[in-house]
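**Student:** If you scroll down you'll find the structure; I have some questions about it.
The values are calculated or read from the model by the stated rules, or taken from the named source; none is laboratory data. Treat the numbers as computed from the prediction; the structure is a model and nothing was measured. Backbone-built Cβ (ideal geometry, glycine too); neighbour counts: all protein chains shown.
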Amino acid sequence: MKSALLLLDLQNEMVDPNGKVGAHGLAKIVEDRGVLVNAKRCLDSARKAGMAVVHVRLGFRSDYADCLSVAARIEGLKNNRAAIVGEFGTEFHPMVAPLDGELVITKQCVNPFFNTGLMTWLMQNGIKRLYMGGVATHLVVESTARFADDAGFAPVVIEDICAAPNPALHDHFIAMIAPALGTVGTTADFVASAGEE
C-alpha cells in the first residue's frame, strides 16, 4: 500500500514560542513532548525511503477574506493578526521545513482536504495510507484522520508528533477516537516501517 507522511500545521505560529498561538503555551507543550524532534526523525526516514511528504499549514490573506469559519476561535486569530501568508507565522519550523519538490498545502480551515488540492494529489499519486501528526491533535489531526477514513484512505496517527493545548484533548483523541478511524503508532514504529513501504 503506497503511503505518504502528512505533517500538519507544524508552522511557527503554532510551535514557536514567538508564534501568536505558540506563545500561549502550545509551543511549550510541543517542546516538552518532543514533537519537532520526533517529526524530524519521521521526515528524515520518509525522505530516505522515498515516501511522499506533504506539509500542511494554516494561512490567510491579510484581510481574512478567505476565512469562512465563524467559530469563536477565529476572532482570536484575526485580533492577533495570526497565520497571515507571507509572515513568520505561516513559515514552517526550520526543523521540519519542506524541501523543493515536496507538496505544501495552505488551508483556510481545520480540514486540509477542504478547498485544497490535497485529495486530488493523493489520488493521482496512488497513495492509500496516510501517516500523520501535528498540532493541534483535537483539531487538524482529528479532522484529517476523520476525513481520510471517510475518503477511503488508511490513516495512521503518529502519537508522539501530535500535541494539544490541553493534554486531555490529545489523550481523548488518541485513546478513544483514533483507533476507531485507523491506527495509532509512534515515531519509532514509523522509522522501523518506513523502509518497508
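**Student:** Within the bounds of segment 154-162, is there any residue that is without any contact (Cβ under 8 Å) to a residue 60 or more places away in the chain and surrounded by fewer than 15 Cβ atoms within 10 Å (Cβ to Cβ)?
**Tutor:** Scanning segment 154-162, I find no residue that is without any contact (Cβ under 8 Å) to a residue 60 or more places away in the chain and surrounded by fewer than 15 Cβ atoms within 10 Å (Cβ to Cβ), so the answer is no.
**Student:** Would you please list the contacts, defined by Cβ atoms under 6 Å and residues six or more apart or on different chains, that run from a residue in segment 172-197 that is over 19 Å from residue 136 (Cβ atoms) to a residue that is part of a loop (DSSP other than H, G, I, E, B) and at pLDDT 95 or above?
**Tutor:** Listed pairs, sorted by first residue: 197/51.
**Student:** Follow-up question, since we're still on this one. Which residue out of 54, 104 is crowded, with 19+ Cβ neighbours inside 10 Å, at negative phi and either touching a helix residue (DSSP H, G or I) at 6+ places or on another chain (Cβ under 9 Å) or not small (Gly, Ala, Ser) (or both)?
**Tutor:** Within the list 54, 104, the selection yields 54.
**Student:** If you go through segment 137-153 one residue at a time, how many are of a type outside the set (D, E, K, R) and either farther than 23 Å from residue 15 by Cα or surrounded by fewer than 24 Cβ atoms within 10 Å (Cβ to Cβ) (or both)?
**Tutor:** Total meeting the criteria: 8.
**Student:** Out of the residues in segment 22-51 meeting the condition of being without any contact (Cβ under 8 Å) to a residue 24 or more places away in the chain and within 30 Å of residue 126 (Cβ to Cβ), tell me which one is surrounded by the fewest Cβ atoms within 10 Å (Cβ to Cβ).
**Tutor:** Selected residue: 50.
**Student:** Right, another one. How do the pairs read when you match residues in segment 5-20 that are on the phi > 0 side of the Ramachandran plot with residues anywhere that are among the β-branched types (Val, Ile, Thr) and modelled with pLDDT of 95 or more, using Cβ under 9 Å and keeping only pairs 6 or more apart or on different chains?
**Tutor:** From residues that are on the phi > 0 side of the Ramachandran plot, the pairs are 9/15; 9/56; 9/135; 9/140; 9/141.
**Student:** Let me ask another. Go over the candidates 60, 92, 88 one by one and state the one that is aromatic (Phe, Trp, Tyr) and surrounded by fewer than 18 Cβ atoms within 10 Å (Cβ to Cβ).
**Tutor:** Answer to the selection: 88.
**Student:** In this structure, is residue 87 acidic (Asp, Glu) and in contact with a Leu (Cβ under 9 Å, 6 or more places away or on another chain)?
**Tutor:** Spelling it out, it is not the case that residue 87 is acidic (Asp, Glu) and in contact with a Leu (Cβ under 9 Å, 6 or more places away or on another chain).
Each row is one residue, and each column tells you yes or no for (1) farther than 21 Å from residue 191 by Cβ; (2) modelled with pLDDT of 95 or more; (3) among the aliphatic types (A, V, I, L, M).
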{"residue": "22", "(1), (2), (3)": "yes, no, no"}
{"residue": "30", "(1), (2), (3)": "no, yes, yes"}
{"residue": "33", "(1), (2), (3)": "no, yes, no"}
{"residue": "70", "(1), (2), (3)": "yes, no, yes"}
{"residue": "98", "(1), (2), (3)": "no, yes, no"}
{"residue": "101", "(1), (2), (3)": "yes, no, no"}
{"residue": "104", "(1), (2), (3)": "yes, yes, yes"}
